[in-house]
Structures are given as C-alpha cells and as structure tokens.
1. May I ask you to verify whether C:ASP427 is outside any loop (DSSP other than H, G, I, E, B), at pLDDT below 90 and over 23 Å from C:LEU497 (Cβ atoms)?
2. Which one of these does A:SER159 not meet: (1) assigned to a helix (DSSP H, G or I); (2) surrounded by fewer than 16 Cβ atoms within 10 Å (Cβ to Cβ)?
3. What number of residues within segment A:175-205 satisfy the criterion of being part of a loop (DSSP other than H, G, I, E, B) and either more than 7 Å from chain C (Cβ to nearest Cβ) or in contact with a strand residue (DSSP E or B) (Cβ under 9 Å, 6 or more places away or on another chain) (or both)?
4. One residue is enough: does segment C:204-218 have a residue meeting the conditions of a type in the set (Ser, Thr, Tyr) and part of a strand (DSSP E or B)?
5. Would you check which residues across segment A:277-329 are facing chain B (nearest Cβ under 7 Å), among the polar types (S, T, N, Q) and crowded, with 24+ Cβ neighbours inside 10 Å and list them?
6. Specify which of the listed residues (C:LEU44, C:LEU36, C:LEU118, C:LEU51) is over 25 Å from the mean Cα position of the chain (by Cα), away from chain A (no Cβ under 14 Å), of a type in the set (A, V, I, L, M) and surrounded by 16 or more Cβ atoms within 10 Å (Cβ to Cβ).
7. Just to be sure before I move on: is B:VAL200 within 14 Å of another protein chain (Cβ to nearest Cβ), among the aliphatic types (A, V, I, L, M) and surrounded by fewer than 19 Cβ atoms within 10 Å (Cβ to Cβ) in the structure I sent?
8. Just the residues that are in a strand (DSSP E or B) and crowded, with 16+ Cβ neighbours inside 10 Å, please, taken from segment C:238-248.
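The values are calculated or read from the model by the stated rules, or taken from the named source; none is laboratory data. Model, not experiment: these values are computed from the prediction. Here the Cβ is made from the backbone with ideal geometry for all residues, glycine too, and neighbour counts use every protein chain on show.
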Amino acid sequence: MTTVTAPAKEATQSPRIRWNVGRIPYFVPALVILVGLIIINAVVNHGFINNQGWQEALIAASPLIVLAMAMTPPILAGGGGVDLSVGPSAGLISVLVAGELAPRGVTNTFALWLLAILFGMAAGAVNGALVAILRVAPIIATLATYLVFAGLATQLMPSPGGVVPPGIAALSGTTGQIPNAVFVLIGLGVLWFLLLRTAFWRNLIAVGSNDRAAFTAGVPVTVVRFVAFVLSGAMAGVGGILLTAVLGGADATVGPQYTLIAIAGAAVGGISLSGGRGGLVGAAAGGASLFLIQNILSFVQVSSFVLQIAYGLVLIVAVLFNGGWDYLRLRRR
Amino acid sequence: MTQNLTTAASVSDATTDRDNDAGKNSGWRRWWQPTLAVYTAPVILFVVVGIKLPSIFSKSGLLSVLVLAAVLGIACIGQTLAILIGGIDLSIPATIGLANVLVATLTLNHWSFPSICLVLFGLSIVIGVVNGVLSSLFNLHPLVVTLGTGSIITGGILEHTHGNTGGVVPHFIVDAVSPVGRSFGLPIPASVLIWLVLAVLVLLIERRTTIGRRIFALGANPTAAPLSLVNPVVTRIVVYTVGAISACISGVLLAGFSGGASADIGQPYLFSTITAVVVGGTALIGGRGGYGRTIAGAFITIEVQTLLIGLKVGVSMQQVFLGLIILALVATYGRERSVAQRI
Amino acid sequence: MTTTTTETAEPAQGEMPSPMLTMHDIHHAYGKTVALHDLSFEMLPGEIRGLIGENGSGKSTLVKLLSGVMPASSGTIAVDGRRVVFRSPRAAQRAGIVTVFQETLISAESSVRDNVFLGQDGIARRGASRSAERERALEYFEKFGLETSVLDGSVVHLSLAQRQVLTIIRALTRQWRLLILDESTSALDLQTRDALFDVLREQTRSGRSVLFVSHRMDELQSFVDRATVLRSGAMVGTLEQAAATPDALLRLMSQRASKESLENLDELSHKPDAGASVPGGEEAAGERRVESVRIRADVSLRENSRRFLIEVRAGEVLGVAGLEGHGGAAFLETLVGLRPPASGEVVCVKPDLSTKPVRSYGRAVKDGTVYVPGNRQVEGLFAPLSVVDNMLMATMGEDTTLGCFRMRRLLARTQSLVERLDVEVADIRAPVDRLSGGNQQKVLVGRWLAAQPRVLVMNDPLRGVDIGTKRQFYQLLRRLADSDVAVVLLSTEIEELVQVCDRVAVFRDQSVQALLDRHQMGYDEILEAMFGQNVVAGAAQGGAS
C-alpha cells in the first residue's frame, strides 16, 4: 500500500508492534492460570512437591485432561460444534475394556489400546456423520449419542466392577518419578504436534473460523468436520483407557459426568466456543486447572460443595476473561 | 452457531433474495408436516401405549401421565424460551434442586409456604439476571455461562444446608402430584391445574405481549433485534428469570414425589427438557417454534418413557431409545443449512 | 482495441481458437424465481472478458455456477469441450476455474499464509512446502504492495483493501486457467488495481482467460477485450472493446438511452414541487430552510478525515452517494446514533426548535429519527416471524392494554401499512420470508413508517428490488417529503438518486466530496464526484470547516 487513496485502505504503519500483540498465543492465559494453581497447590500442600502429591494428582487428572482435549476438535471445527458424548463414550469404552474384553481373555495391552481407540473413532464417526453429513445441530446430535452411549454402558455393566489387565493398570503407576499417565499425555502431545504440521490443522482452523471462506476456497468442509469428530472419538478412546486405569475397573456412571467438566476445561483453556480458535495445549491446561482447583480445595478441607461453587466461578471468570481478551484482540486495528 | 449462520453479508443481495425464495418453499414444506405430526403424535402414542399397557386408560393411569408431563412441562418453559432466543439453559436442573431442597428444609424450619415462595422468587430473579447479563457480555455462549451458574447454584445450596438436604414436605405438595389428588373439589391433581394455567399464560405471553414477540425477534435475528428497539440484555434477563421461576415450580412439585429433597433431583431434567423442546420442534437456531410444541414434546417424552417402562425396558435402555428417537426426529426435520446455501 | 483480441489469438496460429469454456443452454432457478435462462456463453483462451449487468441480472448466479458453489438446474458446462459438473468449488478449481468473490472471504483466525493457501491442500497433505509457498506468495506480495513481514502474521490486522488483495493472491497462486473476478477490485486503490491488471494481461498471454465482473465502466473500458451484458437472467449482447462505451453498455443493460433517464429526473422530482409552489420554488424553499432543519451533522467520520457539515431538512429527499467504504454508510450510522463521530456532533432539532445532540440509537428513535438498515436479511428482517411482527416490532408497545396486545388494532395498523405501501401479501400473519425481496423491503420500511418518523434514514433500500417496486418507492418518498418528513436516502444506483433526490451528498474518502443541489446533480456530476475527479465548485464547501 504505497499510495493510499481512501482511508478505508489504511496502510499498516507499525506492523511489528501490532504483530506482537496479535501473536500472543491463545493458550497463554490458560497456562498462566495453570502455573498459578500449581504454585498455590505447592504452597498450600507441602506434600504436593515433596511427597509426590503431584504424581497422584496427575494420574487422577489424566482422564479429565484427555477428555478436555477430546472436546477440542469439534469445538474448533465451528458451526456450534461441541461433542457432549465424549464423557459417555469414554465411559462406554471403559466398560467394554474392563467389563467385556478383559474378562473374555483379551488382555494384550496393545490389542486393548487398539480396540479402545478404534471404538472411540467409530463413535466419533457416528457423531461426525450426524453433524457433518446429515447436518443435525451438534448439541442435539451428540446429546442423542450421549444418551445412547451412557445407556449402553449401564446396560452392559449395571454396577461398578470389571477386570483391569495389568498392562492397563500400570498406567496408574509410576516409572521412577514419572507417572505412567504422563507418557500417554506426551504421546498425545507428540501426535498433536505432528498433526499441527499437516494441512489438516489449518483446514480445521479455517473451517471453524469461517466455513464459507473455507468452502469457496476449496476446503472440503464436510470432510474436515467429520474428521474432527473422529479425532475427538479417538481421544475419547484414550480417555476410556485412562479412566479404567484410574478407577481400577469400570463404572458406567462415571463417564457421563466428565462431559460438562470437559467443556468447562476447554473453555478455561481459551478455546473459543464459536470455533476456529484454540488447541490441545489450552484444553489440557484447562482440564488440569480444573482438577487442581479441586485438589487445593479438597486439601484445605472445604466441603465438596464449595468446590462446586468454585468450579462454577472459575468457569465463568475464565470465559469472561477469554471473551474480553479476544474482544480486545480483534478490536485492535 | 446461530451467530455463525447469519453473519456476514452475502455475495449478492439480489441472489440472496432468491435463495430465500427457494428456502421459503422447501422450508414451508419442511415445517408444516411436522407441525401436524407434532400435535397428533402424543395422541397416537397414547393409544399405542394403551394397547401395550391398558392400565393407562384408567383414570389414575391417565392422571399419572398427566402429572409427570406437568412437572416436565413446567420445567420446559424456561428451556423453550432459552432455545427460542438461540441460547440454552443448563442451570435448570440446579435451580430445580435448589427449590426442591429449600422447600423441604425451610418447611422443616417452620417457614410458611408463601414466604418460601417469595424467597424462591427472589432467587429466581437473581439467577435470571446473572444468566442474562453474563450471556450478553462478549457474546459468551449461554451453554458455558449456565453451566457455570448451575454449578454455583448446586454448590451454594449444598453448602447452605451443609449437605443436609432432607426436610419436611408440606402435605399439599404431595397431594399436588398424587394422581388421586384433588383441587378445588375437582378430581384433578393441583400440579396438572398449575401446568394448565402456566401453559395458557406462556402461550399468551408468547403471542400477545411485546416481550413475547421480542423473544422471538431476538432469536430470529440477533443483529436486527437491537435495531428494532429490542433490548437484548433485558430480553435475555426476562427469559432466564422465567426459566428459573419455572424450574423452581418444578422443583417444589418434585418434592411431592419423594417426600424428601435432594440437590441432584433435577439432574434428569437437564436432558429431558432439551429433549422435550427439540422433539416438539423448536429450532436450536432460535426464533422458530414455541411452547405449544413443547407441550406436545413433553407428552411424547413422558409417553415414550412410560411405554419403555411398560415394556420392561431397563432404565439404561430407555436412555438409549430416547437418544435414538431424538436422532430420528431431528434428522428428519431439524437439519441446518449447508455451507453452499449460505454463499 | 479489437486488435488486442487478435493479438491474444495469435498463439493459435491465426485461426479462431476453440473455446476453453462453453456454457450451453444454462437455466437456473431458485424455487420459482428464474435467475438465468437460455444462457449460452463461451470464453476463448487468452481472453479477458467483462461481464456487466444491473443488480439481479444474474451475474452472481453465473459466477456461482462456474465456481462450483451450486450446479445449474439444467444446461451443460464444458471445459475444453469436455462436459463437467462441479459439485463443489474444489471440483471447479481442479478444472482450473478459480473465483475471487465480491465479499472478502477470509478466515480471521488463520495466518495470512494459511489464508493465501487456503483450499490448496489435501485433507492432511500440504499442497506445497513452506518454502515453495513463501516464494509463490511473496512474488505477488511485492507486486501488490503488501509487506513481506505480513506473511506469517495474523490476518486480523489487515485493512479491507489488504484483505481483498489477499483473496486475489489466493486465486493467483493456484494453477488457474480461468480466473473469475466477481467485483473483487472494489476496495483496491488505483495503483494496486493497475498492478493486478498488468499481471493478468501478462498471464493471459499464455492462454489463460479472465472473466471480469465489474460495475465500473472505466475498468471495463481499459481492461477487457470484450464485454458481455446480462439483463434479467439472459445475455443481451457482447461488445468488442472499442464498442464497449459506457453509453453502449448502459443502453444494453437498461435497454434505454441514458438521456432518457435524465429526462425522467425532471419529470419526477420536480413534479411534487411544481404542485406546491411553482415559480421561485428555490427561494421559497430557501426561506423555509432555516427553521426546517431537522438534523445538523457537523462531524468528521474518521480521525484524519475532513470535517463536514450537512443539514437534513424537512420536506426534502437528501441523497447520499459514494463508492462503498467511502463514508456514505458510516455517515448514515452517525446520523442515527449508531456510530459516534470521530469529532464534532450530530444535533437533532426538535419540533420546538430546541436542539439536542444525538447520542444513541435509542434516543435518536425517540426523537423521531429512524433507520432502515442496508442488508435486510442480516440487519432487518425476522425471517420466521409474521408480517405483523416484522412491521410493528419497533412500535408494538403502542397497542397494548395491561401488557396485552389489542389484536384488532395491531392487525388494523398492519393492514393500513400494507395498503399504504402496497405490499403484496396474502396473509399478514404468514412468515415474512415467503414474500418476494421487494415486498420484504416494503415491510421493513413499513416498520419505521409505523413510528411516524420526522427523519427517515435509509441505507440502499432498493438494492435487488424490481423496477415496479422501485417506482412505487420513489413516489412514496416524494409523498413523505411533501408531508414534511426529512428523507435521507443512500443508494448505490446513481440514476435512482438523480430521479428522486432534491440534493445529493457525494462521499469520498470519508468526507463530503460534493453537495449537489437540483441544478447540479446529473448522473455525470455525481459519478465524477464519486471518483473525486471533478469537485463542483461551491458545493463541497457545504461547510467543511
């Protein structure tokens, strides 16, 4: 823009300064919150650092972290995308692993992982087909599959129980100082990092940010949305395995409870519910933050009731903060 | 999603008009058939249930369906309005629990029923204002906002009662939801009568008052509404306040079923209110549908449940069937526009 | 310049090259509305073809069919003689047909790079390596004056013009054989636009073709080899460049000489005045003006734009002209309190001649200033609601007793508005989206007539509306002005302004370029002022303080 004929065509005069403001990644506030909570945890509970309290916390938090991550791709894909079924789907997979497969002699760790993830992808494909191909509103489509998955899980296993094969149970243990669940998270992180390098990522962001632009530019919007749900399902499969390990069995009633917390985790993690902005790092940080709040409050022995209030407050404050921040970011011209 | 669907100017105005003309034909066909279906379905379903469970044709059978539908239907008032403005209200179950616990514990502490009602009314306004204002700030998604407020409400009531949610339920509430209950000398339980009155009121408000039309306008086009002097914040506050009040009434009635109280008693209503509204055909994108449809939706939901129970289908499989029914219905008439249609 | 055509044809060794694109017997309808009929269209390799037509002539439909947004109802499209059916824009792009749409379609959350290469990837496989992408993008960045540093930055900080450049680069970096530019040069400054034209001229030498949809006569004249004119869904003619003068094109577009429309002006806009006070109408009006000012805007729209003064007077239709983005729409929004001015003040003169600053939209409406927004689908209509709701949404409160509507009065009021505006509607309780575009627009105007305004501000209300409705509107506006309402009418169609307005304010660069009164406001004068070429002396000063 050397010549400017109309003020509508403002030249960018100080691009450097502007880029810096715009370049603060979306997950920074979530990480700040997370670090703050870790510090508070460490201060309040000396055992958190010294007595390996952090290990237990991490293991217990791992299903929530993974499910908050699982919630992310459908939200990113936009169009009101959300996957209410991640909780029940993880719960159902946990029931399948501990209640159906393991008792029938399928104890090979690799096979269990594979089946869990495959089942998760199948569940995700159902959601994806409903949302992307049949164009049912995501909230309703996944609400319906929520009911179906949750119902099937309790049908298969009316009361908690099941067998946990050693390869899965090991996930709740530690290797040296490091909880084994961390390896799962790192594994997911590496896969995600690889995904970021593919074109799928930028397709996903474009579809979530402006599906009309993406469509006219030649992005196969339907396929991208579908794949987002399949990815979500795969991560729900991982969540199901972790859930089995953490619970030491399967409990059909536990999975569904994770759905709303996972949404909350994603929201705290800075993922915009209107799509196009966010990622797994934020979701993981958000999920971990929610768990740490619980950890602190239960350590200082406030009732679980106060905990629930705190959840609500943190959720609202976090989305308000993210909303306000986003507003300022987009305002800045 | 609603915002996404309608933002951004179109490539050409002239063709947009035509797109809409096209949409009008298919939209019309798409809508009126389900409209008829939605009002006849409860009746047909009732007969179907009756064939399987003849006891439903008895007076008590009929009344117990009515009572169940009444409690659900009342809780659905708020959900319908919230969905009509293009939102959703996840704090309804928590508010139901709040009212449920308060009515039992305060009665135990010898509060009079009217004063309890006054307290609940006051709390409803607070809940409505908070939900309404927060969901107006920065375009925050009402899903998250009401999720948060719901959590605070449940935690708050539990903390307030230190978890001792039990109490005494006034006998007239028990009567109100009992199929053999009477009101004004009529052999109709009070809950059904209350629902009838509320339904008429809501339908009147929807159609015959400014705020009613503004609710529809805000849902139909959130960008145009403020330009037509519809105040979005006020409208949202009203909607969520009405939602909280209706949830409170449901919560109080629910106390009559159990004779005790629990903060979690509203949990099943999280999804069943959404189900009833969606099954009725109120669109999630806002502005289309109404409480009349939800009444039908509430009946359908309760009848399906009754049928499944009658068929000795376990609770969990009931859930499965409910999910499948929602899918079948929504896939036939609740579909959204494709991207290509929005260029 | 027919020579250009022969020049580009040369690679085909003198003989007429076979067309690269053929559309045969295309017919397309949206529901019952026919958008294109019996359209046959050919493009030669290496050709730059202009496409022009009024709003609603079917240009956008043609573009959508070619770009794969939707398939045609019937008819065939062939590329290189092979029949093709595009099920998506992706499919069209594979065949080498790439489109830049009028609307700047960008993904706000993606980087500039990702926006440029949007859609060029597979689902997960990248279309090109990062370095190759960089090279390809930067080639055009330089040509179109974008800074290199922008490439990996956020797209949020780009200006509208830069965004448009971006969508053009998105198309140019592809393997295109036919590039469709659908009015996508409107936000570009002249230098960038010329750079684009140079690039395209050069690239068409290798046999690529460009379909250039534009409203701008100068662009059509200087850039295209041939220009095709569409009217009401059909092709009415193709002119070689030399023959494609604005006059000739206009004649084809409207099927009437432009002089005729100028005569129309005299006939229409002076008629009402003639009825009131025939001789010396100007002076009489001048007398009246002092006390009949309804709104006085003494503002600058942007911080660095020129300040100007405009008075909106009772009994007149004030036209607002200007290219899109030059401040016309912003001025309207400032008038009604939707947008605070960068400096200065908008003052409303009340009936008792006391003045009051316009601070908010709500206050403005209370003081009798109402606003009919531009994009009726987005900002105006409540599509699923009834005609009654749509007409009375802003004034429903008037007909209530104890909070409940008096239905009879409500319906009667709607009915009278329907009759006054001549809305064709079978059932006023039926959803408004079943009406045609023109009738929907009437409903929208009715919404604000119901408020009995003192000042009626309208943002291009007649875009995409049929001629018959337009005529009715012009008469309505005159009647309103005669009943002492002040009307402010923004229009993108100059002829419309010439026909109905008493004065026209032409905006350019966020300020008033010219304030033309009845003697000065011809089609050419307005057009010239819009392009900043000729400021009519004694008009623009309007009070630029």
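1. No; evaluated as a whole, the condition is false for this residue.
2. (1)
3. Matching residues across segment A:175-205 total 2.
4. We begin by selecting, within segment C:204-218, every residue of a type in the set (Ser, Thr, Tyr); these are C:204, C:206, C:209, C:214.
Cutting the leftovers down to part of a strand (DSSP E or B) gives us C:209.
Yes, segment C:204-218 has at least one match.
5. A:GLN308
6. Matching residue, one of C:LEU44, C:LEU36, C:LEU118, C:LEU51: C:LEU44.
7. For B:VAL200, the condition - within 14 Å of another protein chain (Cβ to nearest Cβ), among the aliphatic types (A, V, I, L, M) and surrounded by fewer than 19 Cβ atoms within 10 Å (Cβ to Cβ) - is met.
8. If the condition is that a residue be in a strand (DSSP E or B) and crowded, with 16+ Cβ neighbours inside 10 Å, then C:THR238, C:LEU239 are the ones that fit.
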